[in-house]
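Worksheet: one structure, shown below.
The values are calculated or read from the model by the stated rules, or taken from the named source; none is laboratory data. Please read all numbers here as calculations on a predicted model, not as lab measurements. With ideal geometry, Cβ positions are generated from the backbone for all residues, glycine too; neighbour counts draw on all protein chains shown. When the accessible area is computed, the model is the full protein with side chains, heavy atoms only, and any ligands, DNA or RNA have been set aside. Shrake-Rupley method; radii C 1.70, N 1.55, O 1.52, S 1.80 Å.
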Amino acid sequence: MDGVHRLYGYDFRNYARASLTRRIWHHVHAENLKSISALQEKVLHDRACFERLVQNLSIPVTEMFRDPSLFRMFREKVIPLLRTYPYIRIWHAGCSTGEEVYSMAILLHEEGLLDKARIYATDMNNRSLQQAREGVFGIERMQLYTKNYLEAGGKRSFSEYYTAKYSSVIFQPFLRKNMIFAEHNLATDRSFNEFNVILCRNVMIYFNDELRDQVHGLFNESLSRFGILVLGSKESMQFTEYSDSYELLDRVEKVYRKIN
């Protein structure tokens, strides 16, 4: 991983070792190689192989309104707070292919807040970001996404938000008008704005304690006072050096509000 960091600037050295090793061996086999050293040699001399490795290591797993109870809670507890702001900045850190970004845009639209919101969506995986920018997803998942949307408190017919064409759907352009997609690596890049809400769900479970604390520092620096931090179901602010800076807004959904 040192060579990858020096050549490409991607830093995987503080990812959780067991998970990282498992995924590297998976990629060794995917490239029809026999050892990690052989993979390293290929990665350092073949940019396309490196990009495939990043795709593998960044785990692009997501869905529309994933964990619907979180989005329902967001409507009930966070939206009333956001209504008090003249302008809203939201950061989806580790946005993958963007399904949850579009979910947030739909939610904000239904609550009358989309026009005064700017949604920043970042990931280290450029291939995933490109799909997110296009807003094109497989039609075979729409039944699940519709179910999630309704369970999340959706107020309209979910099909109003996309147009179906052959085996894909494309989401309505108005949902994208206040979205900004950009490459950002949580392991190496710094804060780039001040936000009222940061969502980073089930990304830090792949980091070791050192990198996790570093990313919490990044979020702490990036959140405005009384800003909202949304973590994944397997994550927590406990045992981090920033835990005293937050109050728990929802214990089940792992939602925190910055208080100092």
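What the table shows:
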read-out	value
Helix axis angle, 99-110 relative to the chain longest principal axis, alpha carbon, degrees	10
Nearest 10 degrees, 0 to 90: helix 47-57 Cα axis against the chain principal axis	50
Radius 11 Å from Cβ of residue 96, net charge of other residues (Lys, Arg +1; Asp, Glu -1)	-1
Cβ-placed point charges (K, R +1; D, E -1), dipole of the chain about Cα centre in debye, nearest 20	400
Residue-count net charge about residue 252 - beta-carbon cut-off 12 Å; Lys, Arg +1, Asp, Glu -1	+1
Local net charge near residue 134, Cβ-Cβ under 13 Å (Lys/Arg +1, Asp/Glu -1)	+3
Out-of-range pairs (alpha-carbon distance over 19 Å; input 116/258; 177/254; 77/155)	116/258; 177/254
Equivalent ellipsoid, the chain (semi-axes from 5 times Cα gyration tensor eigenvalues, Å)	31, 24, 15
Relative contact order of region 138-260, defined on C-alpha pairs under 8 angstrom at six or more residues apart (%)	19
Per-pair calculated FRET efficiency, R0 = 22 Å: residue 188 and residue 18 via Cβ, rounded to 0.05	0.50
Sulfur and carbon atoms: percent of accessible area, the chain [1.4 Å]	49
Within straight-line cross-link reach of residue 34, lysines at Cα separation under 22 Å, skipping those fewer than 8 residues along the same chain	42
Chain lengthening between residue 221 and residue 139 when straightened (0.36 nm per residue, less Cα-Cα)	25.6 nm
The chain: antiparallel DSSP beta bridges as a percent of all, rounded to 5	45
Acute angle (nearest 10 degrees) that the helix 142-151 long axis makes with the longest principal axis of the chain, alpha-carbon atoms	50
Virtual paramagnetic centre 7 Å along Cα→Cβ of residue 147, amide N under 20 Å, in region 59-99	61-73, 99
Computed over the chain: relative contact order in percent, which uses C-alpha pairs under 8 Å that are six or more apart	18
Antiparallel DSSP beta bridges within region 145-260, percent to nearest 5	70
Cα-based Kirkwood hydrodynamic radius, region 113-260, one decimal, Å	17.2
Positive-end residue, region 106-260 charge dipole about Cα centroid, Cβ charges, pick of 180, 211, 135	135
Dipole of the chain [Lys/Arg +1, Asp/Glu -1 at C-beta], most positive-end residue of 252, 153, 24	153
Two-site FRET efficiency, residue 25 against residue 79, from Cβ-Cβ distance with R₀ of 51 Å, rounded to 0.05	0.70
Computed magnitude of the charge dipole of region 16-130 (debye, nearest 20; Cβ of K, R +1, Cβ of D, E -1)	280
Percentage relative contact order, region 59-205, counting C-alpha pairs under 8 Å, at least six apart	33
Ordering of 119-128, 23-32 by burial proxy (mean other Cβ atoms within 10 Å per residue, highest first)	119-128, 23-32
